[in-house]
Amino acid sequence: MLIRPGDDGALAIGQLSHSWLAGQLARAWGNGRFGGVEPREEVVLGAEQHDIGWALFDLEPRFNPDTGLPRSFLELTVDDHLAIWRDAPDHLLTQSLHAALVVSMHGSSLSELRAAARPADAERVRDHIDAEHSRQRALRERLGVSEEEAERTRRQMWTWDALSLALCHGWRPFVARDVPRADGELVDVTLADDDTLHPWPFAADRVEVRCEARRLAPRYEDEPAMLEGFAAAPVETLRLALAPA
């Protein structure tokens, strides 16, 4: 769950709605400078579904007594993290092996990030990292995908995820770092206050994206009240337009 507090309440954006927005970025991605997305439909599907492990978890969000709102994805316990990510790629194995590879690479990257940021969790997530790396080797072999090709896709997915998080949270300005170009070099892409991007990574000269959010009260007294409010919350569509700087 992404939580975006505001003066008139908070917006709660499900991880899969954020994933949907990331998929829209993936579908629009690519030009002479940044190259394309290959294989396009499979990778876009993986981007759209990269948070598939959250599908049921977000239906009953956990309560944060400090904020009086649902806990955000940034407040996951290590047990929650592993429960969400350990089996996430399995949900796509009968749909697209390449999409499952995208989800696996993203999940192991998040576990690596958690291990670096929270040394106390490192031992707990190491088994997940090792298991996903093993899964990735097997999937690459079956798909005929090289490590270099997979790494490019992993970095693209990391970029779409980061930009989607920035757009959903209203983080401006924001810098997506180490974005792969067509020539293999890595560059930073900056999202400015006016929703322009530099350098421009898309094929079209304007990209419109959207996701859904629930409008919550500014805070709730306890978890039952929060869950009741969450279930009854009106749904809003957030629409954003991106343009070159």
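The values are calculated or read from the model by the stated rules, or taken from the named source; none is laboratory data. Since this is a predicted model, take the numbers as computed values, not measurements. Neighbour counts are summed over all protein chains in view; Cβ atoms, including those assigned to glycine, are modelled from backbone coordinates with ideal geometry. Quick note on the areas: whole protein, heavy atoms, side chains included, nothing else; ligands and nucleic acids left out. Shrake-Rupley method; radii C 1.70, N 1.55, O 1.52, S 1.80 Å.
Using the Kyte-Doolittle scale, which helices in the chain average at least -1.0 and also have C-alpha atoms spread 18 Å or more along the helix axis, with helices defined as whole DSSP H runs?
Counting only whole DSSP H runs, the qualifying helices are 15-28, 97-117, 147-169.
Percent of accessible area on the chain owned by carbon and sulfur, 1.4 Å probe?
Here it works out to 49 percent.
According to a simple spin-label model (label point 7 Å from Cα along Cα-to-Cβ), what is the distance in nm between residue 38 and residue 56?
3.9 nm
Taking the alpha-carbon set of the stretch 1-81, what are its Rg and Dmax in Å?
For the stretch 1-81, the Cα-based Rg and Dmax read 15.7, 49 Å.
Could you pull out every residue, at least 5 positions away or on a different chain, whose amide H is within less than 5 Å of the one on residue 200? Hs are placed 1.01 Å off N in the peptide plane, and Pro or chain starts have none.
none
Kindly provide the helix-only [θ] at 222 nm of the chain, computed as the sum of -39,500 (n - 2.57) over DSSP H runs of four or more divided by all residues, to the nearest 500 deg cm²/dmol?
For the chain, the value works out to -14500 deg cm²/dmol.
Between residue 79 and residue 204, what is the spin-label point distance in nm, taking each point 7 Å from the Cα along the Cα→C-beta axis?
Taking the two extended label points, one gets 4.5 nm.
Rounded, prolate or oblate, given the Cα gyration tensor of the stretch 131-245, with a/c below 1.5 counting as rounded?
oblate
With contacts defined as alpha carbon pairs under 8 Å and 6 or more residues apart, what's the relative contact order of the stretch 86-226 in percent?
It rounds to 13 percent for the stretch 86-226.
To the nearest 0.05, how large is the calculated FRET efficiency for residue 120 and residue 171 if R₀ is 22 Å and r is the Cβ-Cβ distance?
Computed FRET efficiency for residue 120 and residue 171: 0.25.
Provide the gained length on full extension for the span residue 187 to residue 236, in nm with one decimal, where the gain is 0.36 nm per separating residue minus the Cα-Cα distance.
14.2 nm
In whole Å, how far is the Cα centre of the stretch 1-42 from that of the stretch 90-121?
One Cα centre to the other: 17 Å.
Output the peptides 212-223, 137-148, 120-131 sorted from most to least packed, where packing is the average of other Cβ atoms within 10 Å over each peptide's residues.
Output ranking for 212-223, 137-148, 120-131: 212-223, 120-131, 137-148.
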